[in-house]
Amino acid sequence: MNDARFALLPRDGLSAKDGRGWYTSEVGRGHSLPWPLPTTVRGALRAAWGHDVMAAEGITLSPDRWERDSERVALQRFIALRRGLGEPSFTRDHRMWPVPADAVRVLDANGEERVVSLQPRPGGAATLGPDEDAAREALWHPRREEGGKPLAPPLFWPEPRMMAWLRGAPDLLTPAPEAPSRRTDIHLAIDVATQAAQDSMLHSREVVEWLRAQRREAGRLLVEEWALGVACAWPELADGPPRGPVGLGGRRRLTDVERLDADLFAMPEGLAQTTRGLRLVLATPAEFRRGWLPDGLELESGTPPRYVGRLPGLAAPVVLRAALVPRPLDVSGWDMVRRRPRPTRRWVPAGAVYFFEKHCGEDFTADELRALWLASWGGGHAEALGQVLPGVWQPPLPHGQGA
């Protein structure tokens, strides 16, 4: 088994199906997710691995053997990248991260956009849920320290902004929208007999464009290029990482492959530091057995009850203080071997934030934060699900201990 690291660069946009299906013949329009899911990328890599094996050995893989042997193709890292068109390589400065749920973009009273931090505090209104869960009701609720009308968040933050947020030194100015743009492709078919368009074959398709004009500088148009940075386990049967273009997403759009350095996935210097509280931001969607509640946490009776457990790579038990979890992702797929839908899965979206304190009341150490960098949490490890970014958090001191 080899470790392979490379960037995937779609050359003519990308369409990734969402949960609404792909019924273009009925509604005349195909929707696309704003960013592909890890499962979509892993499926494309398994297909590319099978093609490389057949080319190298001069054989034809049966569907069952293809599925069985390619199961060892496992995603280990899954990061968005962005650079100026023409730059020679990707570096850590090109990394893009999902916007954390504890950051709110608002329009203040002066009509200016700002970023406001959500700070969990004890107490708050009760929630309406399908069950009775006293420990969930006892979780701390987020408070905004500044008012303003909430606005839709961008999809990504660049590396410097995200690392500053994790270190607790946020840049509160509103960033420019950080996401690939979209276009709509119109498709039609010409009837050979009449040389006219067939009404039933006219439809449109959303395509995420991975090249975007950024600005004009000194009369020159600056274009940014987006990519997917992946690290994966690559079985030996294939001769190295994917050769040539890879088919990715709907219609298997051609995608270039560019090798990456291992340093691109490393933790930046200065992020790991001692902290009294811990924030964990999901860098990729997570699959937990109990929905929003992370695996490894169990109910501890008391007044109030609370969730206590362990985090990946940490020995000391922790207490869950707050959870900022956006609307879940319902993910469906298609079984290419058995020609039928796969069971639907429900994920916690990337950008969700969980807040912890140690059960013993001690601080988290810098070494513990290093152990958590892109650690996998929950299920779906072969799909790079549940990878986390650690950050500092200063929880309120118990009554009477304030400065």
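The values are calculated or read from the model by the stated rules, or taken from the named source; none is laboratory data. Since this is a predicted model, take the numbers as computed values, not measurements. With ideal geometry, Cβ positions are generated from the backbone for all residues, glycine too; neighbour counts draw on all protein chains shown. Accessible surface is based on the protein model in full, side chains and every heavy atom, while ligands, DNA and RNA are left aside. Shrake-Rupley method; radii C 1.70, N 1.55, O 1.52, S 1.80 Å.
Given 10 °C and 1.306 mPa s, how large is the Stokes-Einstein diffusion coefficient of segment 139-247 in µm²/s, with Rh as the Kirkwood radius over Cα pairs?
In µm²/s, the coefficient is 79.
Can you give me the % of accessible surface on segment 50-101 that is carbon or sulfur? Probe 1.4 Å, all protein chains present, nothing else counted.
Ligands and nucleic acids excluded, carbon and sulfur reach 50 percent.
Leaving out ligands and nucleic acids, note down the accessible area per residue over the chain with a 1.4 angstrom probe, in whole Å². Could you put the intermediate results ahead of the total?
Details: 20150 Å² over 403 residues.
That works out to 50 Å² for each residue.
Mind pulling up the Rg/Rh value for segment 189-276? Radius of gyration and Kirkwood radius, both on Cα.
Details: Rg = 22.0 Å, Rh = 18.9 Å.
Rg divided by Rh gives 1.16.
With viscosity set to 1.002 mPa s at 20 °C, what whole-number translational diffusion coefficient in µm²/s follows for segment 268-393 from Stokes-Einstein and a Kirkwood radius over Cα pairs?
Translational D for this selection: 139 µm²/s.
Normalised by the residues of the chain, what does the relative contact order come to in percent, with Cα pairs under 8 Å and at least six apart?
Reported relative contact order: 24 percent.
Mind listing the Cα extents of the chain along all three principal axes, in Å, largest one first?
Answer, in whole Å and largest first: 84, 52, 46 Å.
Where in segment 293-399 are there GluC sites (Glu not before Pro) that are in a DSSP coil and have at most 16 other Cβ atoms within 10 angstrom of their Cβ? Display every interim value, and only then the final one.
Working: sites: E298, E300, E357, E362, E368, E383; in loops: E362.
Those satisfying the criteria are E362.
Just want the answer: with Cβ charges of +1 for Lys and Arg and -1 for Asp and Glu, which residue in A323, V348, W393 is farthest toward the dipole's positive end in segment 268-393?
V348
What does the charge dipole of segment 268-393 about its Cα centre add up to, to the nearest 20 debye, if the Cβ of each Lys and Arg holds +1 and the Cβ of each Asp and Glu holds -1?
660 debye
Under 10 Å, Cα contacts only: if you run a Gaussian network model on the chain, which one of V318, V337, V116 comes out with the highest mean-square fluctuation?
V337
Would you work out which of L37, A152, H203 lies farthest towards the positive end of the dipole of the chain, given +1 charges on the beta-carbon of Lys and Arg and -1 on that of Asp and Glu, about the Cα centre?
H203
Could you work out the longest stretch of the chain that avoids the trypsin sites (Lys or Arg not before Pro) located in DSSP loops with at most 16 other Cβ atoms within 10 Å? Present the calculation step by step, with values, prior to reporting the outcome.
Numbers: sites that count: R11, R20, R72, R167, R243, R276, R289, R310, R338, R339.
Answer from the scan: 73-166.
Length gain on complete extension for the stretch R340 to Q394, per 0.36 nm per residue less the alpha carbon to alpha carbon distance?
Full-extension gain reported as 14.5 nm.
Compute, for the chain, the length of the dipole vector about the Cα centre, with Cβ point charges of +1 (Lys, Arg) and -1 (Asp, Glu) only. Units Debye, rounded to 20.
Dipole of the chain, to the nearest 20 debye: 520 debye.
Out of every Cα pair in segment 49-90, what percent are spaced more than 11 Å from each other?
Considering segment 49-90, 73 percent of its Cα-Cα pairs are separated by more than 11 Å.
Mind checking segment 196-259 for GluC sites (Glu not before Pro) that DSSP puts in a loop (not H, G, I, E or B) and that have at most 10 other Cβ atoms within 10 Å?
Working: sites: E206, E209, E217, E224, E225, E236, E258; in loops: E236.
Answer by residue number: E236.
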